[in-house]
Every structure is written in structure tokens, then in C-alpha cells.
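K.L.:
First the structure, which I've put down as C-alpha cells, then a few questions once you've had a look.
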Amino acid sequence: MYKQENLPTVTIEDFARLFGTTVDDIAENCKELIDTMDFRYDILSGIARDKLMLAILKRIDSTDLSVSGEERKPEWERGWGENLNDFVDSGYDVSKLVPKYFKKNVPVRLNREYVMPVNPDFILNYTKVFRNWIFKKYLKDVSSVYEFGCGPAIHLIFLAGIYPEKRLYGLDWVKPSQEIIRLLVKHFGWQIEGRRFDFFAPDENLHLDENSAIYTFGALEQIGRNYEAFLHFLLKESPKICINVECISEFYSQDCLPDYLAIKYQKRRNYLDGYLTRLQELAATGKVQILAIHHQQFGDMYFDAYSYVIWKIKR
């Protein structure tokens, strides 16, 4: 067994590189948050790495691997319904709203390596640090914020804490999500409104507030190549800034084995594909301006889910 005190850890400098920024760009309270968490890990190698990659390949080839698309709506109804029931049964403990896809004690992808974290909640804690940075950097100057594909609203809860003056909207295509938001407003008084929204058939009667931002956080992965309707909606509504934190397939290298496995996994599951290329086409024609793009080399064992593109509509 390895000695935990000798393990590498994700330092503030590492976070800055992973986020695609500098240490000076990370706020002090974000640095303090990092200091409260254990980000040590062991790099998998040899037989342990081979076994993990074999498990990934077997998962990709398995016949029971679900594929994204409109037909998965009942699964999301059940999933967010479980979070809703746990939330109510606990007496409205917001920690019960953490999606169950945040697995504990699992290997993760980090800098194109496979690593085993010491802390069981490594992925969730990393997510908390990253959203602290990206939301404080890019959402501070808007009046309203819309999360599309908000699920059980864990990111909106965070936003309500740091931006109590902003109007927040949580949009999702299943009813339990809106019920969770209704209960959050009732019991905590946060300024959040829940609405139904379907990426595959956007509501043309929905109009965004002036001086608003929109973001997705691992939601567009579920629409594969069917993003044109959503892009059309955004181009029509013209928010001030758009933030997409997603699995962006264009960033992977065909010559890197972990990346190659991620490509195969995302294609097998019909995850988001071609979205960045489409935005770049729109930028080339002068319709949008891309403010930042970055391959964040972090995710679960299968793929990098935290890459981002930040853009706005040219007015």
C-alpha cells in the first residue's frame, strides 16, 4: 500500500491550469475552499491502469449501456424524483439533492491520466471549486441567470447563496425538477423560478430577461447532435453571455489512449458532438463571438465532462 502523506495533490497552481486561467484570477474565497478539501490522489499505472481501461472498454461494448435522446425522459423523471423524495424525507436537507451520478470512491481522469482519489467525494468537491470560479468570474455583471437542464438545482442553490440579488431560473424537461425548486423557494426564500424546457422542442413563448446570462452544466451531453433548436432559441433571445460546461468532443486527441477511449464512450452514448464546431461556424459568419474555450482535463473515468465554451451573440 502507498503512504497517503506521500501522494500528489491538486494544488492551487494545478487548479489554475486545469481551469485555463492563472492563480491571480482565482478569488481568495475559492482558494480558501480548496484548502478545506482533500485533493490527494494516486496515479494508476501498470496492472491497475490496464484493469481500469479494460473495464472501460467492456462498458463501451456492453449491450445495456443507455444512449442519450428524447426516449430517456422517463429515466430523468425517476432520477430527479428520487432526489425530490430524499429531499422531502430528510426535512429539506439540500445535500440530498446532489445527483446520484456523483459516484464515490471511483477513479477519475486527470490531465490525461487515470487516478484514484483519497477523498470519496473528490468529483463533487472538484465541481464545487470549479463552479465557484467560473460563476464568480462570468456571472457577476448580469441581473438574471438561467440554467438550462438544471436537474435538482444544486448549482442554483450555490448561485442563490453568492448572488442573492439576482433573479435565477431553473429550466428542465421533467416535473420533479420544478417541484424541487418550488420547495426551495418555500422553505428557504431564494429567488428562483422553475420552468419546463425541452432542448428538443424549445418553448417559443419563453423570453429571457434583459441583461441575462444562460449556462448549461453537463446538460447538453444528452442531446447528441440535436442542438440546432436550442441554438436557434438562444440566437433569437440574445442573452448577454452563454456558458456551456460540457463534454466537448473536439478537444480530444486521437493519438492519446485515454482520449481515444473517451471518444469511443461519448459516441457510444450519443453524447454532445459537433457543438463547438457549430459555434465556430457561427463565429466565422459574424453571428456570435467566442469569448473563451478550454479543454479541462478532468472528469470521471469515462470522459472529460468539464470543458467549456463561453460565447455571446453579436448584437
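K.L.:
Is one or more of the residues making up segment 49-63 in contact with a strand residue (DSSP E or B) (Cβ under 8 Å, 6 or more places away or on another chain), farther than 26 Å from Ile154 by Cα, open to solvent by 50 Å² or more (accessible area, probe 1.4 Å) and at pLDDT 95 or above?
P.N.:
yes
K.L.:
Still on this model: Could you list, in sequence order, all residues of segment 262-299 that are assigned to a loop (DSSP other than H, G, I, E, B) and touching a residue at least 40 places away in the same chain (Cβ under 8 Å)?
P.N.:
Arg269, Asn270, Tyr271, Leu272, Asp273, Gly274, Lys287, His295, Gln296, Gln297
K.L.:
Only one of Val106, Val115, Val94 is over 15 Å from the mean Cα position of the chain (by Cα) and over 24 Å from Val10 (Cα atoms). Can you tell me which?
P.N.:
Residue meeting the stated conditions: Val94.
K.L.:
Moving to a separate point now. List every residue pair whose Cβ atoms lie under 7 Å apart, where the two residues are 6 or more positions apart in sequence or sit on different chains, the first residue falls within segment 55-77 and is at negative phi and part of a loop (DSSP other than H, G, I, E, B), and the second residue, located anywhere, is of a type in the set (Phe, Trp, Tyr) and surrounded by 11 or more Cβ atoms within 10 Å (Cβ to Cβ).
P.N.:
Pairs that qualify, where the first residue is at negative phi and part of a loop (DSSP other than H, G, I, E, B) and the partner is of a type in the set (Phe, Trp, Tyr) and surrounded by 11 or more Cβ atoms within 10 Å (Cβ to Cβ), are Ser68/Tyr271.
K.L.:
Also, quick follow-up: Is there a residue being under 14 Å from the mean Cα position of the chain (by Cα), modelled with pLDDT of 95 or more and small (Gly, Ala, Ser) anywhere in segment 139-150?
P.N.:
Yes, that holds for at least one residue.
K.L.:
Among (1) closer than 26 Å to Leu54 by Cβ; (2) of a type outside the set (Val, Ile, Thr); (3) not in a loop (DSSP other than H, G, I, E, B), there is one condition Asn105 misses while meeting the rest; what is its number?
P.N.:
Every condition holds for Asn105 apart from (3).
K.L.:
Further question on the same structure: Hand me the list of strands (runs of 3 or more DSSP E) wholly inside segment 119-203 holding 2 or more residues that are touching a residue at least 60 places away in the same chain (Cβ under 8 Å) and closer than 28 Å to Gly69 by Cα.
P.N.:
Once the strands (runs of 3 or more DSSP E) in segment 119-203 are filtered for at least 2 residues that are touching a residue at least 60 places away in the same chain (Cβ under 8 Å) and closer than 28 Å to Gly69 by Cα, what remains is 144-148.
K.L.:
Within segment 135-163, how many residues turn out to be surrounded by 21 or more Cβ atoms within 10 Å (Cβ to Cβ) and among the β-branched types (Val, Ile, Thr)?
P.N.:
Looking only at that region, the number is 2.
K.L.:
In segment 64-99, which residues are at pLDDT 95 or above and aliphatic (A, V, I, L, M)?
P.N.:
If the condition is that a residue be at pLDDT 95 or above and aliphatic (A, V, I, L, M), then Leu84, Val88, Val94, Leu97, Val98 are the ones that fit.
K.L.:
Right, something else. Identify all residues within segment 100-134 that are closer than 22 Å to Ala160 by Cβ and either touching a helix residue (DSSP H, G or I) at 6+ places or on another chain (Cβ under 6 Å) or open to solvent by less than 50 Å² (accessible area, probe 1.4 Å) (or both); write none if there are none.
P.N.:
Passing the criteria: Phe102, Asp121, Leu124, Asn125, Tyr126, Thr127, Val129, Phe130, Arg131, Asn132, Trp133, Ile134.
The values are calculated or read from the model by the stated rules, or taken from the named source; none is laboratory data. Model, not experiment: these values are computed from the prediction. Note that each Cβ is placed from the backbone with ideal geometry, even for glycine, and that neighbours are counted across all protein chains shown. In case anyone asks, the SASA skips ligands and DNA or RNA and just uses the protein heavy atoms, side chains included. Shrake-Rupley method; radii C 1.70, N 1.55, O 1.52, S 1.80 Å.
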